[in-house]
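Have a look at the structure below, then the notes.
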Amino acid sequence: MIWNEKMECMSREEMTALQDERLVKLVKYVYDNVEYYRNKMDKCGVKPEDIKGVCDITKLPYTTKDDLRDTYPFGLFAAPHSDIVRIHASSGTTGKATVVGYTQNDIDMWSECVARCMSMAGVTKDDIIQVAYGYGLFTGGLGAHYGAEKLGAMVVPMSTGNSKKLTTMMVDFGATAIACTPSYLLHLSEVLRDEGLLDKIKLKAAVCGAEPWTEKMRREIETRLNITAHDIYGLSEIMGPGVACDCEHHEGLHICEDYFYPEIIDSKTLEPVSDGETGELVFTTLTKEGIPLIRYRTKDLTSITREKCKCGRTSVRISRFKGRSDDMLIIRGVNVFPSQVEAALINVEEVTPHYMMIVDRENNLDTLEIQVEVDSKYYTDEIKGIEKLTKKIAGVIQSALGISAKIKLMGPNSLKRSEGKAVHVIDNRKLY
Amino acid sequence: MTVNQVSVFIENRQGRLGEVLSVLKENDVNILSISLADTTEYGLLRLIVNKPEYAKEVLLSAGFSTMLTEVLIIKVPHVAGALQDILSEIAQANISIEYMYGLSVEANDASIVMKTNQLSDACQVLKNKNIGTMTEKEIESL
């Protein structure tokens, strides 16, 4: 089902005209309301009048996570605080979170996008959907929730952390759809199997996102649960889940391009690459009021196609993600930068600056082990001393990353020193 | 009165203990007593050896987290109840014991290695009660 045929099936000419009009308005709005952007544009010698449409977008400077960090918390907000109705936040690269704000119009737009995505997965007002993303500062829970409500579905706000309750309610309520991370859904399929509930569920569709997953994993989920599973994409800086999603043909993710103008660039030269070529995905939020971003570098690697899809939608599609152009990890749906671990460990005087993160997947759930070397003057020969130190480090890491990690103390010089660029991560999951 | 114990922190992986022991063997260090406290992740190896300072040096240079810990080696008469008598004196003086293990070098002799964080108090109690301890010298000669 197509939620908004007018916008999703628009001709290329009409879409470009709409994007032109929205971009011109956006650039002026941003220039007038965000000092940081005004300075940035002045520095590049570009004025709002120079932007007459999307063909001029390359004249504008890029935005990165660092810009959000430098203006923490509200420096990039374009709307007055009285118009902001919601805040979300995600991991920054070092300690400080990346904060985003939404006006009521932004929330409405977001709900519209999620409703479109859920429609691509075949979810309708007649469905009962369990939202099993975390509710809170993370955009997953509330984003999916508002979208599903907009759709008119019966929404069950499960949040995360209680698989037993979730599977019980899935059966008792006759839930027909679920929104959660793909790895969690695989885990749930095992819980359902172990409890002998697989033939008692009425599930038919899943909208999975917040972490990269492979086509193989999608088919695994579909076979195990006898459902159709869809890939929903988004990032808090741009909005949250709902920026793009794949339809029943699973040939790329349709971008809500009337709201988010995509570009693919070479992450080294920063020059645009042609359609079909892999590069870094860049978004300009065409209508956002709270925190509009111009040419935001997502660091996600993908390619785009503008061919019309078999489903009838004309919107531009991105391929499955092929990796990241930075070292960000997504662990249990949470963005994690190795630099955050480094920054956290600096405050623990008992350990050396050497560490290694080992990411793996056990029973379809992500695990993170952090190996740290204890400074030799802090060794104790009592178990309780070692345990106390382990607990202290675990606490520091948990509060820095927002996820728990297993801490493993290592002897001196036991972690490999690398020549040149240090390697701090071993990711044993095969996500791309 | 106290003796230096060699404590080694080892990650819990196969062969690690053997690596420590072979360093000691190569350097002709004699082990008089050994205790291994283990958890799922790591082990704490505690050793009474004839040359503790030297053992620490060779282990450190072989890359092991090694330290010396002052402990008491208390001589215990080889009769039933002897250990209980000693420990009750220590308990009465409100001294807590972190850990202990046995040491025996001859058929008729028994000792316990004891770690406490109230060393001087413990020494005082042992002295007052005339309870014998082993000295560094005695250990070296073994």
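Only the coordinates and a few stated rules stand behind these numbers; no lab work does. These numbers come from a predicted model, not from an experiment. For neighbour counting, all protein chains shown are included, and Cβ atoms are generated from backbone atoms with ideal geometry for every residue, glycine included.
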(request) For A:K28, list the lysines whose Cα falls under 27 Å from its own Cα; do not include residues on the same chain fewer than 8 positions away. (result) A:K6, A:K40, A:K43, A:K47, A:K52, A:K59, A:K65, A:K288, A:K299
(message) Counting other C-beta atoms within 10 Å, and keeping those with at most 11, which DSSP coil GluC sites (Glu not before Pro) do you find in region A:168-264?
(response) none
(request) Check each of the trypsin sites (Lys or Arg not before Pro) in region B:30-78 and keep only those in coil by DSSP with at most 13 other C-beta atoms within 10 angstrom; list them in order. (result) none
(message) Taking each residue in A:381-390, count the Cβ atoms of any other chain within 10 Å of its Cβ, then average. What number comes out?
(response) 5
(request) Label chain A by shape, choosing from rounded, prolate and oblate, from the square roots a ≥ b ≥ c of the eigenvalues of the Cα gyration tensor; if a/c is under 1.5 it is rounded, and otherwise prolate applies when a/b is larger than b/c, oblate when it is not. (result) oblate
(message) At a 10 angstrom cut-off on C-beta neighbours, averaged per residue, how do the peptides B:120-129, A:312-321 rank from highest to lowest?
(response) A:312-321, B:120-129
(request) Would you calculate, for chain A, the mean residue ellipticity at 222 nm contributed by helices, counting each DSSP H stretch of 4 or more residues as -39,500 (n - 2.57) and dividing by all residues, to the nearest 500? (result) -10000 deg cm²/dmol
(request) Percent of Cα-Cα pairs per 5 Å bin, from 0 to the last occupied bin, for region A:310-372, please list those. (result) 4, 12, 18, 18, 14, 10, 8, 5, 4, 3, 2, 1, 0
(request) Go from 0 up to the bin containing the longest alpha carbon distance in region B:2-70, width 10 Å each, and give me the % of pairs per bin. (result) 22, 61, 17, 0
(message) Only Cα pairs within less than 10 Å get springs; with that Gaussian network setup on chain A, which residue of A:V374, A:V243, A:V131 has the largest fluctuation?
(response) A:V374
(request) Could you tell me which of rounded, prolate or oblate describes region A:1-114, using a ≥ b ≥ c as the square roots of the eigenvalues of the alpha-carbon gyration tensor, with rounded for a/c under 1.5 and, failing that, prolate when a/b is larger than b/c and oblate otherwise? (result) oblate
(message) Loop-only trypsin sites (Lys or Arg not before Pro) in region A:355-432, please: DSSP not H, G, I, E or B, and at most 12 other Cβ atoms within 10 Å.
(response) A:K416, A:R417, A:K421, A:K430
(request) Please report Rg over Rh for region A:38-175, where both radii come from the alpha carbon positions and Rh follows the Kirkwood definition. (result) 1.09
(message) Less than 28 Å apart at the alpha-carbon level, and either on another chain or at least 8 residues along: which lysines does that give for B:K137?
(response) A:K377, B:K25, B:K51, B:K56, B:K75, B:K115, B:K127, B:K129
(message) So if I take the centroid of the Cα atoms in region B:1-70 and the same for region A:130-167, what is the distance between those two points in Å?
(response) 54 Å
(request) Express in % the proportion of alpha carbon pairs of region A:278-350 at distances exceeding 17 Å. (result) 65 percent
(request) Specify whether the C-alpha gyration tensor of region A:334-427 places it in the rounded, prolate or oblate class, a ≥ b ≥ c being the square roots of the eigenvalues: rounded for a/c under 1.5, otherwise prolate if a/b is larger than b/c and oblate if not. (result) oblate
(request) Could you check how many percent of all C-alpha pairs in region B:71-140 are farther apart than 19 Å? (result) 27 percent
